[in-house]
Every structure is written in C-alpha cells, then in structure tokens.
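K.L.:
The structure follows.
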Amino acid sequence: TQLLEQSPQFLSIQEGENLTVYCNSSSVFSSLQWYRQEPGEGPVLLVTVVTGGEVKKLKRLTFQFGDARKDSSLHITAAQTGDTGLYLCAGGRSYDKVIFGPGTSLSVIP
Amino acid sequence: EAGVTQFPSHSVIEKGQTVTLRCDPISGHDNLYWYRRVMGKEIKFLLHFVKESKQDESGMPNNRFLAERTGGTYSTLKVQPAELEDSGVYFCASSQDRGARLYTFGSGTRLTVV
C-alpha cells in the first residue's frame, strides 16, 4: 500500500516568518502535486512536479521534488495570513488517480 | 469558465436512507473523478469516468455505492442504503486530459449519516 506522510501535521507561525512542510513516501511517484484547501472548499492545485530534483517557484512558494521522486517539500517565504489553509500533497503512479497525504494545517497569525 | 459544481453542499440523512450526490464538471472535460474524505482520514479515490465509461472504479467501497455519468456530462453518486461510516466529504474533480496533474476540484458535498 502506498502511503504519503506529511509533516508537520499542524503549524502555527507569525506573519513574516518562513516555513517548510514535507511530504514523504517509501514509494516512487511519477508526479507529485501540492494543493491548498480552505474550509468549505475543494483542494486547489498549486503545482505539479514530475522530474527528480525539480524546483518550482510560485511567488513566495518554492516546491522541490526529491531526486528519487519519493519526497517533496514546500517552502513559504515571509508567510502572510492569506497563506492559512490545509496543504495537501498528492502523488500519482498511474496516469489518473492520485494518493493524498493527510495534509499540513497552516495557521499564519497576524 | 465555470468551475466544477457539486450539490448539495450539505446533506444530513438517516441511516438506511438513500442519497444522491451530483457533480457537474467543467464543460468539455471528459475525465471526471470522485474522491471522498471520511473523518480523520486522507482524501481517497473512488472512481474515474472517461466520458460516460467507468475507467477505474477500484476505490468504490462496496455495492451500496453507484456512480453514473449518463451522456458523459454530469455525474451522480448514489449511496443506498447509507451507513454511518459513509459520512464524510465527497469531492468531484474533472480534467480535460487524462492525468492527475490537471485536476480541478469542486467544493465537495458534506454528507452526514445519523
């Protein structure tokens, strides 16, 4: 059974601080996605990484896919209150369905 | 472009009753997926339609769940009879091309079975 683990489970930081959340698995994934979900809404895709070692930047967010394609990290620089939400990683081995991690709940305090 | 629409947004039913959830994908998206999150668990895949055909239904928990997508447009997910453990949030997603890299999710239906 493929599993994705995310850490930390909960994170509360002050506005302006930096943070990193992690997504780990013992399995190799062909691609990995990061989503952000707000209460009452569905997950919103932030980025997809497909190549081992790949780094993608989305404004203050930096995503990295591990060389072995088993893990990924999301780094947020100078967090803002609007970054608050549940961050989910999801990995795909087959071409269609994905496996979701349990998520990291981020709270950015003004 | 309208997003993926799901309704109802919330449903509270008694154990043993029937509930039907609906998903309207983005127009032109042939691929439609159902996922759900039950309390305290990860979001898990239920099934995948390509147009009106079930491509993969390996995640359907049991035969109380029936998904249809007549005409390859909107989809319904019926739970009959509902059990307590069916409570959770049911998400629908659609994509134009096959590949989990291109999902657009709906807001979900929160189902509570009492």
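K.L.:
Within the stretch B:53-114, which strands (runs of 3 or more DSSP E) (wholly inside it) include 3 or more residues that are among the β-branched types (V, I, T), open to solvent by 20 Å² or more (accessible area, probe 1.4 Å) and over 16 Å from B:Q6 (Cβ atoms)?
P.N.:
none
K.L.:
I'd like the full set of residues that are among the β-branched types (V, I, T) and part of a strand (DSSP E or B), limited to the stretch B:1-52.
P.N.:
B:T5, B:V12, B:I13, B:V19, B:T20, B:V38, B:I43, B:V50
For every residue, the table says whether it meets (1) within 11 Å of chain A (Cβ to nearest Cβ); (2) of a type in the set (S, T, Y).
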residue	(1), (2)
B:D30	no, no
B:Y35	yes, yes
B:E68	no, no
B:F91	yes, no
B:L102	yes, no
B:R110	yes, no
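K.L.:
Cβ-Cβ below 9 Å, separation at least six or inter-chain, first residue in the stretch A:41-54 and more than 7 Å from chain B (Cβ to nearest Cβ) and farther than 15 Å from A:V28 by Cα, second of a type in the set (A, V, I, L, M, F, W, C) and open to solvent by 30 Å² or more (accessible area, probe 1.4 Å): which pairs?
P.N.:
Hits for this filter: A:L46/A:L58; A:V47/A:L58.
K.L.:
A further question follows. Determine, yes or no, whether A:V28 is touching a Lys or Arg at 6+ places or on another chain (Cβ under 8 Å), touching a residue at least 60 places away in the same chain (Cβ under 8 Å) and open to solvent by 40 Å² or more (accessible area, probe 1.4 Å).
P.N.:
yes
K.L.:
State yes or no: is A:I13 out of contact with any Ser or Thr (no Cβ under 7 Å at 6 or more places or on another chain), part of a strand (DSSP E or B) and more than 12 Å from chain B (Cβ to nearest Cβ)?
P.N.:
It is true that A:I13 is out of contact with any Ser or Thr (no Cβ under 7 Å at 6 or more places or on another chain), part of a strand (DSSP E or B) and more than 12 Å from chain B (Cβ to nearest Cβ).
The values are calculated or read from the model by the stated rules, or taken from the named source; none is laboratory data. The structure displayed is predicted, hence computed values, not measured ones. Every residue, glycine among them, receives a Cβ derived from its backbone with ideal geometry; neighbour counts consider all protein chains shown. Side chains are part of the model used for accessible areas, which takes the heavy atoms of the whole protein and leaves out ligands, DNA and RNA. Shrake-Rupley method; radii C 1.70, N 1.55, O 1.52, S 1.80 Å.
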